[in-house]
Structure formats: structure tokens, C-alpha cells
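Right, one structure below, let's go through it.
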Amino acid sequence: QVQLVESGGGLVQPGGSLRLSCAASGSIFALDTMGWFRQVPGKERELVAIITGSGDTRYANSVKGRFTISRDNAKKTVALQMNSLRPEDTGVYFCKVTVWSTGASYWGQGTQVTVSS
């Protein structure tokens, strides 16, 4: 069983920054791909950024150059640094991790990010 705890969401003005963090705990030896997804009402959950076990990253086109994903394998955490935030970045951000040994994936509970003046 894997538990994910997210933190760092909130209200920020356009142009501002936020840093999201997700910590995994439980019976985990190693984590494979970790990532962040975003969902807004009435739309499907969409990929924001992912980082593989080897450190390769992929970003949604809308956040390239503004968001940076990083991970700490020893601490089993993944972070998303969000800069130059725009109103369209608003949504609930979910952390997702895949356990290396089983291939099972787990989702966090979500954290609200609101970009508004």
C-alpha cells in the first residue's frame, strides 16, 4: 500500500509562483515514473509534467518553460515548481506515482491551485 500526501497549493496572482510537493510512503522500495496531472470541472484529467526513474522529463506544451518537475529518490518525493502562473493554470493538481516492482500506480488526493487577481 502506498500513501501520497500533497502540499503547496493555494491562491496566487497571475505571474506568481507556487511549489507543489508530493511525498510517498508505505511499502515502497523504489518508484518509477512520478508526475503531476491537472483537472478542471467538466474536463478530463490532463498531464502537466512527468519524470521517469532515470530523470527524463516531459511537459505539457502549455507549461513548457514555466514549470519544472523534480524528484528526490531517497525521500520519495516529487515536486513541481510553477512560475509565471496564468489563470488557465487553475485547477486541482494530482500527484501520481508508479511503483517500480509492481507497476501499480497511485494517485494523491489533489491540491487546489487558483490563479486569479
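The values are calculated or read from the model by the stated rules, or taken from the named source; none is laboratory data. Since the model is a prediction, treat every value here as computed from it, not as a measurement. Backbone-built Cβ (ideal geometry, glycine too); neighbour counts: all protein chains shown. The area values use the complete protein model at the heavy-atom level, side chains included, leaving out ligands, DNA and RNA. Shrake-Rupley method; radii C 1.70, N 1.55, O 1.52, S 1.80 Å.
Value of Rg to Rh for region 1-94, rounded to two decimals, is 0.96; Kirkwood radius and Rg both from alpha-carbon coordinates.
Arg38 sits among other residues whose Cβ lies under 12 Å from its own Cβ, and their net charge, with Lys and Arg +1 and Asp and Glu -1, is -1. Using θ = phi - 60° in the Karplus curve 6.51 cos²θ - 1.76 cosθ + 1.60, the 3J(HN,Hα) couplings for region 67-78 round to 10, 9, 9, 8, 9, 10, 5, 5, 8, 6, 10, 9 Hz; x is entered for Gly and Pro.
Aspartates and glutamates within cross-link reach of Lys76: Cα-Cα under 13 Å, excluding same-chain residues under 8 positions apart? Counting by Cα, and skipping residues close in sequence, Lys76 has these aspartates and glutamates nearby: Glu6, Asp32. Using heavy atoms of the protein chains and a probe of 1.4 Å, the accessible area assigned to Arg45 is about 90 Å². The Cβ shell under 14 Å around Ser70 holds other residues with a net charge of +3, Lys and Arg each +1, Asp and Glu each -1. What FRET efficiency comes out for Glu88 versus Asp56 if R0 is 22 angstrom and r is the Cβ-Cβ distance? Round to the nearest 0.05. Using R0 = 22 Å, I get an efficiency of 0.25.
Extension gain for the segment Val5 to Asn73, taken as residue separation times 0.36 nm less the Cα-Cα distance, is 22.9 nm to one decimal. Contact order for the chain, expressed relative to its length and based on alpha carbon pairs under 8 Å spaced 6+ residues apart, stands at 36 percent.
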